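Reviewing the structure listed below.
The values are calculated or read from the model by the stated rules, or taken from the named source; none is laboratory data. Quick caveat: nothing in here was measured; it's all calculated off a predicted structure. Glycine gets a Cβ as well: all are built from the backbone with ideal geometry, and neighbour counts include every protein chain shown. Just so you know, the surface numbers come from the protein's heavy atoms only, side chains and all, with ligands and any DNA or RNA stripped out. Shrake-Rupley method; radii C 1.70, N 1.55, O 1.52, S 1.80 Å.
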Amino acid sequence: MRLLVTGGAGYIGSVVSDQLLGAGHEVVVLDDLSTGHRDAVPAGARLVVGTLRDLAFEVLDGAGFDAVLHFAAKSLVGESVERPGLYWDKNLGESLALLDAMRRAGVPRIVFSSTAATYGEPESSPILETDPTRPTNPYGASKLAIDTALAEHARLHGIGGVSLRYFNVAGAHGPFGERHTTETHLIPIVLQVAAGHREKVFMYGDDYPTPDGTCVRDYIHVIDLGVAHLLALEACEPGSHKIFNLGNGSGFSVREVIDVCRQVTGHPIPAEVGPRRAGDPAVLVASSERIRSELGWKPERDLRAMVADAWAFARRG
Ligand code: UFG
């Protein structure tokens, strides 16, 4: 297929672009490089630098694209609380521009990076796709609005859409990995301690209603996540919008994650309990039954593999 990958210079977009190329697809990356890196785009892909608002139609029109994989987004929960307008504008506004460009150019399919943050504070665990969506921050709210827009575009304009609701993505795929200028995610921060770039890691709260008091999350390897995108691409059906959770279905606490990092790196990794971080739910674990049964997806890599691959990536320099 001829595919447009928005955000293909970012962490997840670059990994999936490489997997798509490996599967024999043709890939064009559209990225404004606001948080992505030019050198993260795999060699076999063509990079177009610019925003979806400015360039989506120009790139898609008359070029015979079969589908779009839409990763481009602002994705920091804390920043979204401080600057909600930015999140509505970049996430929802640019996605609407993309959907409009697809409709006008006749591109029939889209796979979209949605998030567990659309559910907000869950009432029960594991989280099902049919559970209530009550986002607790503008990041999750903007992603939920895009899911809704996709459903409407499917119903009213016949586009085939799949939203994949990611839980906590980790790991790396060879030279493609996580390198954010402002790092907020647990595993890369812990590995910065192991690499000597930070003195210690703060565990944000140890008084949650969980077995060891720290928050529990469902970690998924970025390679397994990418495999789900290839399956989702095949599952896009004209006129329908489908939603799938993407997680491993089991939870690990902050303490357990740090312990696995200690085992993998052999570094003592000093950790200290700090105050809670605003807006963190105690437990976020996915039910991934729907994608397992409907698309035959199965995660193959455990937390140790995620940490080992992220550590190998971190040490590449
Ligand atoms: N944590 C720490 N110390 C740190 C960093 C994180 O204790 O230095 C804790 C957090 O409080 C949380 C857990 O580690 O309990 C995981 O935090 P991350 O920041 O790695 O990931 P989140 O669970 O906050 O975020 C993920 C995605 C978001 C998505 C969110 C859904 O990265 O995009 O899940 O709530 F919005």
- Index of the failed condition, E178 passing every other in (1) of a type in the set (D, E); (2) more than 14 Å from the ligand (Cβ to nearest atom); (3) touching a residue at least 24 places away in the same chain (Cβ under 8 Å): (2)
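May I ask you to say which residue of V111, V68, V107, V59 is in a helix (DSSP H, G or I), on the phi < 0 side of the Ramachandran plot and β-branched (V, I, T)? Break it down into steps so the answer makes sense when it comes.
Numbers: V111 fails: in a helix (DSSP H, G or I); V68 fails: in a helix (DSSP H, G or I); V107 fails: in a helix (DSSP H, G or I).
After ruling out the rest, the residue left standing is V59.
So if I check each of R104, R109, which one is more than 11 Å from the ligand (Cβ to nearest atom), within 21 Å of L225 (Cβ to Cβ), open to solvent by 10 Å² or more (accessible area, probe 1.4 Å) and in contact (Cβ under 8 Å) with a residue 24 or more places away in the chain?
Working: R104 fails: within 21 Å of L225 (Cβ to Cβ).
None of the other options fit; the residue is R109.
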- Task: Output the qualifying pairs, or none if there are none: Cβ atoms under 9 angstrom, residues six or more apart or on different chains, first residue in segment 56-83 and within 15 Å of A101 (Cβ to Cβ), second residue surrounded by 24 or more Cβ atoms within 10 Å (Cβ to Cβ) and of a type in the set (F, W, Y).
- Result: V68/F112; L69/F112; H70/F112
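For segment 44-91, how many residues are within 16 Å of the ligand (Cβ to nearest atom) and either surrounded by fewer than 17 Cβ atoms within 10 Å (Cβ to Cβ) or under 16 Å from D31 (Cα atoms) (or both)? Break it down stepwise before answering.
Filtering segment 44-91 for residues within 16 Å of the ligand (Cβ to nearest atom) gives 70-84, 86-88, 90-91.
Now narrow it down to the ones that are either surrounded by fewer than 17 Cβ atoms within 10 Å (Cβ to Cβ) or under 16 Å from D31 (Cα atoms) (or both): 70-75, 78, 81-84, 86, 88, 90-91.
Residues that pass the stated criteria total 15.
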- Note on the structure: Going through segment 116-160 in order, the residues found to be in a loop (DSSP other than H, G, I, E, B) and of a type in the set (A, V, I, L, M, F, W, C) are L128, I159
- Only residues in segment 218-240 that are among the basic types (K, R) count as the first member; pair them with residues that are part of a helix (DSSP H, G or I) and modelled with pLDDT under 95, Cβ under 6 angstrom, at least 6 apart or cross-chain, and list the lot. none
- V227 passes all but one of the listed conditions (1) open to solvent by 70 Å² or more (accessible area, probe 1.4 Å); (2) closer than 21 Å to A116 by Cα; the exception is number (1)
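Find the residue count for segment 299-317, including only residues that are in contact (Cβ under 8 Å) with a residue 12 or more places away in the chain and surrounded by fewer than 14 Cβ atoms within 10 Å (Cβ to Cβ).
Here is the first cut: in segment 299-317, the residues in contact (Cβ under 8 Å) with a residue 12 or more places away in the chain are 299-316.
So of that shortlist, the ones also surrounded by fewer than 14 Cβ atoms within 10 Å (Cβ to Cβ) come out as 300, 304, 315-316.
Going through segment 299-317 one residue at a time, the tally reaches 4.
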- Within segment 245-266, work out how many residues are at negative phi, away from the ligand (no atom under 16 Å from the Cβ) and out of contact with any Phe, Trp or Tyr (no Cβ under 8 Å at 6 or more places or on another chain). 1
- Options E272, E289; residue that is away from the ligand (no atom under 15 Å from the Cβ) and acidic (D, E): E289
- Search segment 188-199 for residues that are within 10 Å of the ligand (Cβ to nearest atom) and pair each with any residue that is in a loop (DSSP other than H, G, I, E, B) and of a type in the set (A, V, I, L, M) when their beta-carbon atoms are under 7 Å apart and the residues are at least 6 apart or on different chains. V190/I269; V193/I269
- Matching option when the condition is of a type in the set (S, T, Y) and open to solvent by 30 Å² or more (accessible area, probe 1.4 Å), among S287, S293: S293
